[in-house]
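The values are calculated or read from the model by the stated rules, or taken from the named source; none is laboratory data. Bear in mind that the values here come from a model prediction, so they are computed numbers and not experimental data. Cβ atoms come from the backbone with ideal geometry, glycine included; neighbour counts cover every protein chain shown.
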Amino acid sequence: MNLNQLNRILLQTLLLPVVFLLLVAGLLVWQVRDAERTVERIQVANQNIATANLINALMVDEETGVRGYQNTSNEIFLQPYEFAIGPLQDAFAKLRAGVTAEQGDTRPIDDLVAAHQLWVTTIAEPMIDKVRNGGNTRDPGTNLRGKAELDNLRALSGAIIDTEKQQNALAVQRWQTQVTHTLYAVIGVSLVSGLLIGAFARNRLHAVTSAFQGTLLALRDETQSTYESEQRLLATLTSIGDGVVVCNSEGCVVLLNPVAEQLTGWSQKDALNRAVHEVYALVDETSHEPLENSYELVKQTNRPTGTRNTVLIRRDNTEIQIESSGAPIHDRFGALIGVVIVFRDVTEQRRTQAALMASEKLAVAGRLAATIAHEIHNPLDAVVNLLYLMKSGSTPEETQQFIQMASTELDRVTQISRAMLGMYRESRTPVALELKPILDSVLVLLERQLANAQVTVKSILLDKAIITGYPAELRQVFTNLIANAAEASAPGSTIEIVARIIAASHGRGRGYPRAGVAIIINDHGSGITPEDLDRIFQPFFTTKGEHGTGLGLWVSQGIIQKHGGTITVESRTTPTDPGTTITVFLPRGDAELPPHSA
């Protein structure tokens, strides 16, 4: 049972009593309202009885007033009659309204009003007129008729009173029955509700109990599985060949696996709860400036970091080159609760790569040696011949001409020699430099090879194409790329070399990471197949057979990446327009050329 099901059961257990209580309350309200209506009918009946009695009293007052005036002829005795006229009419109207409210028959009231009006018009008013006019008021017939009409009035009002009393008695009896029924209904509904609520609650509690027991069993199984998973994870971390550092969200070390202990020089016991930058201290491999470790980078971005090459300062202050990455650890709500750092010792790997790069550099030198020797040999032969001619007895004018020609040939030898030396003169730190002189010197070195391949170079180079880097390494890269383009080009074709300055505001928009220089080398050879294009940057892969080492592009890519740049290759194998385009992007960096070089 999950939390939603438990909440639903608890809600049902809570709502059912509420629903039954609402039903009981509704029943009680209905009964009370019915009883209130019955009580209202009782009150109306009592009021009607009281009104009928008032009518009787007022009619008696009228009769008394008329009789007193008849016997005394004194107007003062007529006052009860006169005072009763207005209230009597109001009482008739009130009685009619009360009977109407009971939805009773108003005809007896109409008969009483008519009989009273008949008594007034035929007995009372004529008797008052006779007394005032001095007439005979002792007429037995008139008196007997008046008595008969008064008796009729009393009979009619008595009938009305009896009817209202019957209505009152029926209403009282009905009210008593309603009270009894309400009591029985409340007791019955309460008993039924209690039984139903008890049965339902028992059923729901049984379901909750079963679910709780199941949850306990599931938690026990999950705890066991978690323990086993932790043991497997611990065994995995212990046995893998990479160093693993786990730290919490505050940047304190929680775990070091044995490889991490060996690489950092810290034991798990000594490193526990220490700041990660103390146990896992990184510096830049070139400048030895302190670097942010993977924990700080992950905490800033809350996402895994890419692999990077740095230097790790061990506990004994020795250094090893490492390749590291970091990843965040989240709880189930997505909050960062820790960081895991994975790193490995790449010192030997870097030494191997350096040896391979040196080997490739020697291979490039070997490939260029014959060309350079031939290039130097030709002008030196010319100088020897010119010296021979001068010794053989030339005129002063011819000697001056021969000296100028010899100086030109020696300048060419010097230019080739400087380009060769510049290619292998290593710089320890990156410097600001212009790419045009570097590319020009490379073209001088490759001039003979390009001529033998019958390939023409068309270059568009800019004087202010400034970047920050290592000149010797960049000469090696461009020597390799242009030599490859020459070897792939068909005789009589052209190689285009274009340098473009990428401004800071347009770098990202044009597909480049930042401001710098893009060097595009385009040849018109046969192109590279898609299958080979995916592997050209792999070490020892070559399309030249025995004539290639398979390291040139791999080394070139490493050098360009060291400079923070990129190298991409696009190739066309269509018969109409075959060829390959290599684009090298080098960032400008922060360095500026000295004033005399600008």
Practice task
Being touching a Leu at 6+ places or on another chain (Cβ under 9 Å), modelled with pLDDT of 85 or more, surrounded by 13 or more Cβ atoms within 10 Å (Cβ to Cβ) and not in a loop (DSSP other than H, G, I, E, B) is the filter here, so list the residues in the range 278-309 that pass it.
Solution key: 279, 281, 282, 283, 298
Handout entry: Residue pairs meeting the criteria (Cβ under 7 Å; at least 6 apart or on separate chains; first in the same structural domain as residue 186 (by TED's automatic domain parsing), in the range 11-22; second of a type in the set (Lys, Arg))
Key = 12/204; 13/204
Exercise for the section: Take the residues in the range 545-575 that are within 21 Å of residue 494 (Cα to Cα) and modelled with pLDDT of 85 or more, then tell me which one is nearest to the chain's Cα centre (by Cα). Expected result: 568
Practice task
Out of the residues in the range 89-108 that are without any contact (Cβ under 8 Å) to a residue 12 or more places away in the chain and assigned to a helix (DSSP H, G or I), state the one that is surrounded by the fewest Cβ atoms within 10 Å (Cβ to Cβ).
Solution key: 107
Problem - Breaking point among (1) under 52 Å from the mean Cα position of the chain (by Cα); (2) hydrophobic (A, V, I, L, M, F, W, C); (3) closer than 30 Å to residue 11 by Cα, for residue 233 - result: (3)
Practice task
Consider residue 306 carefully, then state whether it is under 30 Å from residue 469 (Cα atoms) and among the small types (Gly, Ala, Ser).
Solution key: yes
Practice task
Name the single residue, out of those in the range 72-88 being closer than 23 Å to residue 144 by Cα and touching a Phe, Trp or Tyr at 6+ places or on another chain (Cβ under 8 Å), that is surrounded by the most Cβ atoms within 10 Å (Cβ to Cβ).
Solution key: 81
Problem - Given (1) buried (at least 18 other Cβ atoms within 10 Å of the Cβ); (2) under 54 Å from the mean Cα position of the chain (by Cα); (3) modelled with pLDDT of 85 or more, index of the condition residue 436 fails - result: (1)
Completion exercise
Inside the range 249-263, the number of residues satisfying the requirement of being surrounded by fewer than 18 Cβ atoms within 10 Å (Cβ to Cβ) and under 9 Å from residue 276 (Cβ atoms) is 2
Completion exercise
Note on residue 238: of the conditions (1) at pLDDT 85 or above; (2) of a type in the set (Val, Ile, Thr); (3) part of a helix (DSSP H, G or I), unmet is (1)
